[in-house]
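The values are calculated or read from the model by the stated rules, or taken from the named source; none is laboratory data. Bear in mind that the values here come from a model prediction, so they are computed numbers and not experimental data. Cβ placement follows ideal geometry from the backbone for every residue including glycine, while neighbour counts extend to all protein chains displayed. Ligands, DNA and RNA are stripped out before the accessible areas are found, and what is left, the full protein with its side chains, is counted by its heavy atoms. Shrake-Rupley method; radii C 1.70, N 1.55, O 1.52, S 1.80 Å.
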Amino acid sequence: MKLGIIKYGLGNIGSVFQSLKIVGCTPIIIEKPLEIKNVDKFIFPGVGNFTRSKIILDKFGWTDEILNAAINLKKPILGICLGMQLLAEWGYEGLLENNNTKTEGLGLIKGEVINLKNIGCRERIPHMGWNTVMWNNSPPLLSGIPSNTDFYFVHTYAFMPEKKVEIIATANYSIPVTAIVNKGNIWGTQFHPEKSSKAGLRIIKNFLEYI
């Protein structure tokens, strides 16, 4: 089984790479879109701006290859932070860069990515630091991890999936914040598992072994 990390210029792949090494995997760094075909599953990290990231994905051919791998080839994908948000249909971050009302995402999971303040958050923005994540069921990505475990967050926007069933876990930050999404082979975490100590490493290991 070959696991890859997409490197498109706006992701902190160093810490993700080291986390995978710790759990016993030497990942492949995917630096060109067509290289996605060389892996069985892949991690899609991201740090920064939704619109700027999507422009890069479209311009250099990443969008088509990610969609083909996830939809047609059913390869498991794990989006992390901005990588999770880009799984959505639409995002509102960075709109002045292309003068649109909203930016089209990958559309792998229906929903929108909205500023925390605009969905009622009363806490300091960005949401930064450790926060408790809660879930009811135990999907394979969370195998061996109890609900109410803390993970590390850094974000200003939140993914609001259209279908509540695709929200696997939430965190409370004066409002419920989507922490994990899932639709079939498509997974996303708003928090950074690679920066979340033993529980985060377990999530990475679970994606490697069970998804």
(request) Find the relative contact order for the chain and round it to a whole percent, using C-alpha pairs within less than 8 Å whose residues are 6+ positions apart. (result) 20 percent
(message) Restricting to DSSP loop positions (anything but H, G, I, E, B) with no more than 16 other Cβ atoms inside 10 Å of their own Cβ, which GluC sites (Glu not before Pro) remain in region 46-131?
(response) Glu123
(message) For region 136-197, what are Rg and Dmax over the alpha carbons, in angstrom?
(response) 11.3, 31
(request) Would you mind giving the three semi-axes, in whole Å and largest first, of the ellipsoid equivalent to region 1-116 according to its Cα gyration tensor? (result) 24, 15, 12
(request) Distance check, please: which entries in Lys74/Lys183; Lys2/Lys32; Lys37/Lys195 exceed 20 angstrom between their Cα atoms? (result) Lys37/Lys195
(request) Scan region 99-131 for trypsin sites (Lys or Arg not before Pro) in coil per DSSP, keeping those whose Cβ has at most 15 other Cβ atoms within 10 Å, and list them by number. (result) Lys110, Arg122, Arg124
(message) Explain nothing, just the number: relative contact order of region 21-135, from Cα pairs under 8 Å at least 6 residues apart, as a whole percent.
(response) 23 percent
(message) Using a 1.4 Å probe on the protein heavy atoms, what percent of the accessible area of the chain belongs to carbon and sulfur?
(response) 50 percent
(message) Counting C-alpha atoms alone, how compact is the chain: give Rg to one decimal and Dmax as a whole number, in angstrom.
(response) 15.7, 45
